[in-house]
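Below is one structure, written out as structure tokens, with a few remarks after it.
The values are calculated or read from the model by the stated rules, or taken from the named source; none is laboratory data. Small disclaimer: the values here were computed from a predicted structure and weren't measured. Here the Cβ positions follow ideal geometry from the backbone for every residue, glycine too, while neighbour counts run over all protein chains shown.
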Amino acid sequence: MTASASMEKLNRALRQNSLVRIIEQFGREHPEAHLKDLVVDASGPGRRIVVNGRELIHFGSDSFLGLDQDPRVQEAIRRGIEKWGTHNGASRAFASVRANIEAEEKLADWLGVESVLILPSVMLTNLGAIPGLAARQDAIALDEQAHSSMQEAAKIACQNGAKVATFAHSDPAALEKTLRSLRPYRSAIVCIDGVYSMSGRIPPMADLDAVARAADAVLYIDDAHGTGVLGPQGQGTVLQALGNYENAFVIGSLSKAFSCAGGFIGGPASFHRLLKIRCNPYIFGGPVVPPYLEAIGVVIEILRSEEYPRLRARLDAAIRRLTSGLADLGLVVMGAVTPIVSVLIGDEAETLRAGKYLFDRGYYIQSVLFPAVPYHAGVLRIQCNANHRESEVEGLIEAFAELSRSMKLPRPGRGGAR
Ligand SMILES: Cc1ncc(COP(=O)(O)O)c(C=O)c1O
């Protein structure tokens, strides 16, 4: 099929984008790297994967507790298919399966919030809930490093008439200034991550909350990377930091540590129905398929049992060993209090090259570039899982040692640490 002249013009226009140019150039230099379209042909046991006929250790999985491989979770999904079939056929604006309501009640009870609304992903939760909560006469203050899904959601809210401004990363004084600049407003929300997914860092939530409360604003915390893996019983970062949810919506993921599928927003019961009316992805899109909803209760039982501290201890040992091993190599290591451990590389092409180097040594690690991180602040993002073996972590540290001998990498204290 020959593309129309307008189609070709559109294609040429896209190729002028600088990020497209960097990635295309790298793709030409390393056609075997399969950048943006890597295909995993087999997964397991443990964190082993097969790519292009080669076995690699997967250090890029969000299944932090390794529950994707858990027979109880897998069995619940199989049971869900038998009970509900493969999908529930329509938007939840028309009807929800009972499994959806039960999963929401169990999540609310486990988290300690009054109500939970499940959506198909965190991206869709944010794209729906943020414009749903803030419109004309309202204001949104966004951390400059807030997840892209919240930045995109704020653009929709802005289009609907909300005032939007960003504040310096995790800086309460900057938030205060930004909220002042946004006044007057009817109501305001402050969008932050519970765990910054590229650096693994946790924001000063209580300080940000104090500023928000003083300015009549509510916190909106995307805790996608904290859900199910941080805090007591895996409740995430919010309750531990704030002590209650009086002034916060908590957004969680069911697709990361939970190893099921979906996202959710938790908050006061009085918002439950309002969000169903105001949240467009809830109305105009389909829901999480029922089999995955059946598995959510099984994961919550694991998180509330004696098994959770055991899984966490295994995960913590991997995080500690990896972090100290990488720091001993003199690398700039970020995070380390969560299962996300990032190593600063800097330049975009160098970050891709470093990721490829480790890949060639049998370790799959994500090379993360702008706009997911600031420009020229590319990182290698390592995700530790409870089912990584000690030998796999040691092997990765050794591969980083070889990498740091073969490439000049940023060192702490030379403008490298962030
Ligand atoms: C903070 C944050 N929010 C949202 C998302 C998107 O989540 P989902 O894959 O459920 O859309 C991610 C994904 O990594 C994330 O880190």
Fill in the blank from the handout: Per the filter on segment 136-151, residues out of contact with any helix residue (DSSP H, G or I) (no Cβ under 6 Å at 6 or more places or on another chain), crowded, with 19+ Cβ neighbours inside 10 Å and outside any helix (DSSP H, G or I) are D138, D143, Q145, A146, H147
Handout entry: Cβ pairs under 8 Å, 6+ apart, first in segment 267-289 and more than 14 Å from P131 (Cβ to Cβ), second basic (K, R)
Key = K276/R92; P287/R92
Problem - Filter result (crowded, with 22+ Cβ neighbours inside 10 Å and more than 20 Å from L65 (Cβ to Cβ)) within segment 319-330 - result: L326
Problem - Top-ranked residue of segment 369-387 - restricted to ones that are small (G, A, S) and at pLDDT below 95, ranked as surrounded by the most Cβ atoms within 10 Å (Cβ to Cβ) - result: G378
Exercise for the section: Could you tell me whether A154 is assigned to a helix (DSSP H, G or I) and under 22 Å from V116 (Cα atoms)? Expected result: yes
Exercise for the section: Go through segment 112-131 residue by residue and tally those that are more than 16 Å from the ligand (Cβ to nearest atom) and crowded, with 24+ Cβ neighbours inside 10 Å. Expected result: 1
Completion exercise
For segment 167-189, the count of residues that are under 15 Å from P203 (Cβ atoms) and either more than 16 Å from the ligand (Cβ to nearest atom) or among the basic types (K, R) (or both) equals 9
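Listed here are the residues, each with its yes/no results for (1) under 21 Å from the mean Cα position of the chain (by Cα); (2) closer than 24 Å to Q240 by Cα.
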site: L111; (1), (2): yes, yes
site: Q137; (1), (2): no, no
site: A141; (1), (2): yes, yes
site: Q159; (1), (2): no, no
site: V164; (1), (2): no, no
site: H169; (1), (2): yes, yes
site: A174; (1), (2): no, yes
Exercise for the section: Return the only residue of D222, D209 being within 30 Å of F64 (Cα to Cα), more than 16 Å from the ligand (Cβ to nearest atom) and acidic (D, E). Expected result: D209
Problem - Pair list, Cβ < 8 Å and 6+ apart or interchain, from segment 109-133 residues that are on the phi > 0 side of the Ramachandran plot and assigned by TED's automatic domain parsing to the domain that holds L254 to residues that are more than 12 Å from the ligand (Cβ to nearest atom) and assigned to a helix (DSSP H, G or I) - result: G112/L239
Practice task
Test G297 against the stated conditions and say whether it is more than 14 Å from the ligand (Cβ to nearest atom) and either assigned to a helix (DSSP H, G or I) or buried (at least 19 other Cβ atoms within 10 Å of the Cβ) (or both).
Solution key: yes
Exercise for the section: Among the residues of segment 220-245, write down those that are farther than 17 Å from G335 by Cβ and among the hydrophobic types (A, V, I, L, M, F, W, C). Expected result: I221, V238, L239, L242
Practice task
Restricting attention to helices (runs of 4 or more DSSP H) lying wholly within segment 179-288, give those where 2 or more residues are of a type in the set (V, I, T) and outside the structural domain of V164 (by TED's automatic domain parsing).
Solution key: none
Practice task
Tell me, yes or no, whether segment 175-188 has at least one residue that is surrounded by fewer than 24 Cβ atoms within 10 Å (Cβ to Cβ) and under 21 Å from I265 (Cα atoms).
Solution key: yes
Handout entry: Answer from H58, H87 - the residue that is in contact (Cβ under 8 Å) with a residue 40 or more places away in the chain and within 16 Å of the ligand (Cβ to nearest atom)
Key = H58
